[in-house]
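All remarks here apply to the structure that follows.
Each value in this text was obtained by applying a stated rule to the coordinates, not by laboratory testing. As the structure is a computational prediction, the values presented were derived from the model and not from experiment. Cβ atoms come from the backbone with ideal geometry, glycine included; neighbour counts cover every protein chain shown.
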Amino acid sequence: MATLIRILRGAGACALAGAALAASAQETTQAGTDATVNPTVARQQAQEIARGDPARWYRNDPEQQTLRKELGAALQEARNACRKAPAAERKSCMDEARATWQREMAQLGKPMPRQ
């Protein structure tokens, strides 16, 4: 789960950087606040949070198929966020998303460090 959060944070950073650069000086809404979230998405997120962690996060998965799938989904989200970034930043954003995914995939099968 910590792995997924790190990937999503990387995707969010790319998306926030793109949103901040694209924002006009006339906008009064700050990029990255809840005010910029689509109301439909906000409702769906609230429902997901209320349900708690998905059961799949706690199933015995010796081949870590669930984690691999989650990492793939996080990579796709990061790529989608990068596509929305300004053209000058897209390549570096995509490279960062890919590097994060590769680093996390390399960690599969290794014991997770204790926090």
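What to note about this one:
- Panel note: the C-alpha atoms of the range 58-115, placed on their principal axes, show extents of 42, 19, 18 Å (largest first).
- Footprinting exposure proxy ranking of LYS110, LYS91, fewest other C-beta atoms within 10 angstrom first, gives LYS110, LYS91.
- Model label zone, MET105; criterion: amide N under 18 Å from point 7 Å along Cα-to-beta-carbon; scope the range 74-96: 74-80, 93-96
- Working ranking of peptides 98-106, 72-80, 38-46 by packing, defined as the average number of other Cβ atoms within 10 Å per residue, highest first, is 72-80, 98-106, 38-46.
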